[in-house]
1. Determine the gain in length on full extension of the stretch residue 316-residue 131; use 0.36 nm per residue of separation and subtract their C-alpha separation, reporting nm with one decimal.
2. Hey, can you grab everything whose amide H is under 5 Å from the amide H of residue 13? Only 5+ residues off in sequence or another chain; H modelled, so Pro and N-termini drop out.
3. What ranking do 86, 163 get, fewest neighbouring Cβ atoms within 10 angstrom at the top?
4. What is the Cα radius of gyration of the chain over 2.2 N^0.38 Å, N being its residue count?
5. So for segment 114-204, considering every pair of alpha-carbon atoms, how many percent are separated by more than 22 Å?
6. Per residue, how much space in cubic angstrom lies within the convex hull of the C-alpha atoms of segment 11-74?
7. Would you order 228, 88 from fewest to most other beta-carbon atoms within 10 Å of each residue's own beta-carbon?
8. Loop sites only, by DSSP: take the GluC sites (Glu not before Pro) in the chain that have at most 12 other C-beta atoms within 10 Å and name the longest stretch containing none of them.
Amino acid sequence: MKTVILQGSLLENLVCAQCGKAYPASVLQTYATCCNQPLLAHYQLPHLSKKELCNRPQSIWRYRELLPILDDNNIVSLGEGWTPIHSLSGMASHLGLREILLKDESVNPTGSFKARGLSVAISKAKELGVTHCIISTAGNAGGALSAYAAKAGMRATVVMPAHTPDTLKEECRLYGAELILMDGLIDTCGKKARQMATETGAFDISTMKEPYRLEGKKTIGLEIAEQLNWHLPDVIIYPTGGGTGLIGMWKAFREMQQLNWITGKLPKMVIVQSENCNPMIQMFETGTFPESFTAKPSVANGLAVPHPFAKDLICEVVRESKGTAITVSEKEIQDGIAKMASQEGLLLSPEGSAAYMGLRKLIEKDYVREDESVLLFNTGAWYKYR
Ligand SMILES: *Cc1c(COP(=O)(O)O)cnc(C)c1O
């Protein structure tokens, strides 16, 4: 193993999301085997004034101390993060809300917010001497892994459902990854990835089975706070698959509270899924993960995750934040794309459209009040779903 020098990160160790048992961060880790839960990175939080951020790079790396890479030389970056937040004032007055904001993650490298997580995970893997990564993906995470692995000079293997749109497959091949197609959804791909990781010694970087993609995704929470001048919106609507972004944002909010960067109420966190695969909505509503349910592919590929490893954490965030969970139909997802494009000039990914249509349902149910500000995500680029 390589020795690493502390240069900026204040990473201390990793802890089990359930029991808090500590795992050393100096070696490669996957998940907390004690409770079969994700591992969370724990930092010795710095005495860092938020004013110091203003001259930093306009990427996720402006939050250097809150990211887990020890040596700057290991950072693998393609310019991810610091994406714009648009105020959709026309849409807001149309829907009768004070403010609708949209954070546009489609402008990230590789066209989705998966770039954030994979930039950090690949950087950390490089720091710990990994030379071959494998991932199970609904599409975008595979492309991001392939691109960052190419930049890092690392081998990449991507396991993806065969029904995934061609662009999402082709980019992996162009980035030089080995692409394996499976009949089924991402959970089938996950099994294959685990089996191949055991056989080949490749490092499995699948959602929440590896602790540092979460740290990359956490930066969306840090950015929302900083870009909105440290005033968080009242409601955040998140199209949820594996839940990394949702859990990451909540972790960011907690860390910023400890740093005294934010005070006051945290946003209500709302999760949205498609009727074709909505186990998290069912779990939130009934309190237990559904024993059996039919999981079909969705046009919103990133949301079709039948068995999210971090299901307990997802529910915890929604509950703690006094949020809620909402299902949208496949038809609504399609309609939402056209609505947003023609009204605001923005092309949403199907997942982003799900969040938007989720908002419309929340308004109908009077869950969102007219004096509240709501933040939506466009998590990916529409152009990739061809
Ligand atoms: C992965 C993905 C999601 C879901 O994100 P999670 O953090 O895994 O819940 C949503 N939208 C797009 C475009 C994605 O690629």
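1. 63.1 nm
2. 42
3. Listing 86, 163 from fewest to most nearby Cβ atoms yields 163, 86.
4. Relative to the rule-of-thumb radius for its length, the chain sits at 0.91.
5. Value for segment 114-204: 17 percent of Cα pairs lie more than 22 Å apart.
6. Cα convex hull per residue, to the nearest whole number: 108 Å³.
7. So the residues, fewest neighbours to most, are 228, 88.
8. That would be 1-290.
The numbers here are math on the coordinates, done by the rules we state, and not lab data. Quick caveat, the model's predicted, so the values are computed rather than measured. Methodologically, a virtual Cβ is constructed for each residue, glycine included, from the backbone with ideal geometry; neighbour enumeration extends over all protein chains shown.
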